[in-house]
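The values are calculated or read from the model by the stated rules, or taken from the named source; none is laboratory data. Fair warning: this is a prediction, and the values are worked out from it, not measured in the lab. Quick reminder, even Gly has a Cβ in these numbers, built from the backbone with ideal geometry, and neighbours come from all protein chains shown.
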Amino acid sequence: MLFTQTTANAQSGLGIDPLTIIMLVVLAAMIFFMFRSNKKRKEQQSQLQDKMVPGAEVMTNFGLFGELRAVDEERNEALIEIAPGTIVRVHRQTLARVVEDDAVEETADAETTADDAGEQPGEPRDRA
């Protein structure tokens, strides 16, 4: 039975099933998006490494903030000063991001807006 169906398809000139074509198109789209996201991730990583210079304010993956003092490429370590005179040594890959001054200014602006409204920052608003 299967042999006769295969033979009939071969004789009619249909070599590829439409479902197979759809699956190949979906596979090609998945591969395209995979390479595209990898390229974006590498670009973001290189931008982050360019910003990681001694003296920059950084945050680690586990939420530790401090000033980057030195980066040792050979040993894959970074030295971060978290308080005056207190330096911690962390793995270089734990450096999550460089803290920009813009974020600090936005927080300060939000606090002054809350003060102008007569509310304390951090207090929940009365939504009644």
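List pairs: first in region 11-38 and loosely packed, with under 10 Cβ neighbours inside 10 Å, second at pLDDT below 90, Cβ under 9 Å, 6+ apart or cross-chain?
Matching pairs, first to second residue: Gly15/Asn9.
Tell me which residues, restricted to region 74-99, are in contact (Cβ under 8 Å) with a residue 12 or more places away in the chain, among the charged types (D, E, K, R) and either out of contact with any strand residue (DSSP E or B) (no Cβ under 9 Å at 6 or more places or on another chain) or part of a strand (DSSP E or B) (or both).
The answer is Glu77, Glu81, Arg89, Arg97.
Filter region 50-61 down to the residues that are at pLDDT below 90 and exposed (fewer than 13 other Cβ atoms within 10 Å of the Cβ) and list them by number.
Residues satisfying the conditions are Asp50, Val53, Pro54, Gly55.
Identify, please: which residue in region 22-75 is of a type in the set (S, T, N, Q) and touching a helix residue (DSSP H, G or I) at 6+ places or on another chain (Cβ under 9 Å) and is, among those, nearest to Val88 (Cα to Cα)?
Thr60
Among the candidates Phe33, Phe62, single out the residue that is within 18 Å of the chain's Cα centre (by Cα) and under 17 Å from Ile87 (Cβ atoms). Don't jump to the end; show me each part of the working.
Numbers: Phe33 fails: under 17 Å from Ile87 (Cβ atoms).
It is Phe62.
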